[in-house]
Amino acid sequence: MRDVPRPSDRPAETPQAPGRTPHTAPPGPLRCPGAEDQPSEASAPPARRPARKADVALRVERCLPDGFLAEALRADARAGLSATPKVLPPKWFYDECGSELFEKITRLDEYYPTRAERSILRAAAGQIAAAARAETLVELGAGAADKTRLLLDAMAAEGTLASFVPVDVSEAALIEAARRVDGEYPGLAVTAVVSDFEEHLGLPSASGARLVAFLGGTIGNLLPGQRAAFLASLRSRLRPGDSFLLGTDLVKDPAVLVAAYDDAAGVTAAFNKNILSVLNAALGADFDPDAFEHVALWDARQEWIEMRLRSLQDQIVTVPAIDLVVPFAEGEEMRTEVSAKFRSAGVAAELAAAGFSMTEWWTDDRGRFGLSLSVPA
Ligand code: AVJ
């Protein structure tokens, strides 16, 4: 692992993930299909307060070898586009446009998880901070700004907060996460970790208790086997005194679930199709996003939402970077995401199987979303 100190007022240089424009470009409106009508908070130039370099130390740790993400994308595309049925892993949604579209999703009427989880955190952050007594907040996957802040504020009030470590595979999301807290917490050490948390968790070796937060229900985007492996890997890296805060979306009326993944304004459809633009940019593919339609369905047996892209016609797509020619039949569907929904007993069981003991469980007042606090068993 390389450890590159960065001044806090300059965008950090990190290995280029596939399909990503360098973020040395000035922040500004992005051209994302479906996102252009209303600039998102994520893309708006942050309201910069005067630089307070003495207050915040921002470092970027590169935990993946050069070219790792580019090779991972090629491997995923090669395997997934050759499979029957075709499949792409959801982690490739999040280039700058995808991150912006996701931010927009979180503000949709139909997309309740972000608001539900935030309401839990508002009520429980003090309890969480008091239970964890952590010096370091490690946030896996860059969450929404105000959710991170609720935790940081509570840890600061508890008097334990010393450092914040956002970890994300998406450079765009990561830099945004680091920027959010820039200058807001005097003395806070911020270490942005560019990493795939399925590969490398980027846990700081610093002494002191860590609170690892994995929010937003993102664990539901892993398949059951990947989930078990991820939880076991996380558990193996934690020490007595560390805590794990996990957000899980809950099983509910399928109509509510499907609406959350197939909104009337079509933002989720644009988000889903953006994965094709990611492949076009990174691999020189010639996907026509307009030749596919967005599909969201509830799989009652697996208890997950599945997003797919359905080919509207017989077509042949070429992917030069991996020497692939990919035929799609009219009506053929390619899976791009599962988003599993949980029950409290299932969450506790999966945590226990990985060597965690769930000490607290909260839901929002409508029982839509669950937040659990666990410790090494
Ligand atoms: C918040 C990343 C878990 O599965 O709900 C939103 C991503 N996909 N709409 C989710 C997502 C479609 C999301 N995560």
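For the reader, a short list of remarks on this structure follows.
- Under the Debye formula (equal points on every Cα, no solvent term), log10 I(q)/I(0) of the stretch 66-147 at q = 0.20, 0.21 Å⁻¹: -1.01, -1.04
- Two-site label geometry, Ala329 and Glu293: point separation in nm, points 7 Å out along Cα→Cβ: 1.8
- Computed over the stretch 264-377, the P(r) tail beyond 24 angstrom holds 47 percent of alpha carbon pairs.
- Once the Cα-Cα distance is subtracted from the 0.36 nm per residue extended length, the Ala265 to Arg366 segment shows a gain of 33.9 nm.
- Spin-label model, Ala352 to Ala123: label points 7 Å out along the Cα-to-beta-carbon direction sit 2.5 nm apart.
- Under the simplified labelling scheme, the Lys252-Ala130 pair shows an inter-label distance of 2.8 nm, with each label point 7 Å from Cα along Cα→Cβ.
Read-outs throughout are calculated quantities, based only on the coordinates presented, and are distinct from any laboratory measurement. As the structure is a computational prediction, the values presented were derived from the model and not from experiment. All Cβ positions, even for glycine, are placed from backbone atoms using ideal geometry, and neighbour counts span all protein chains on display.
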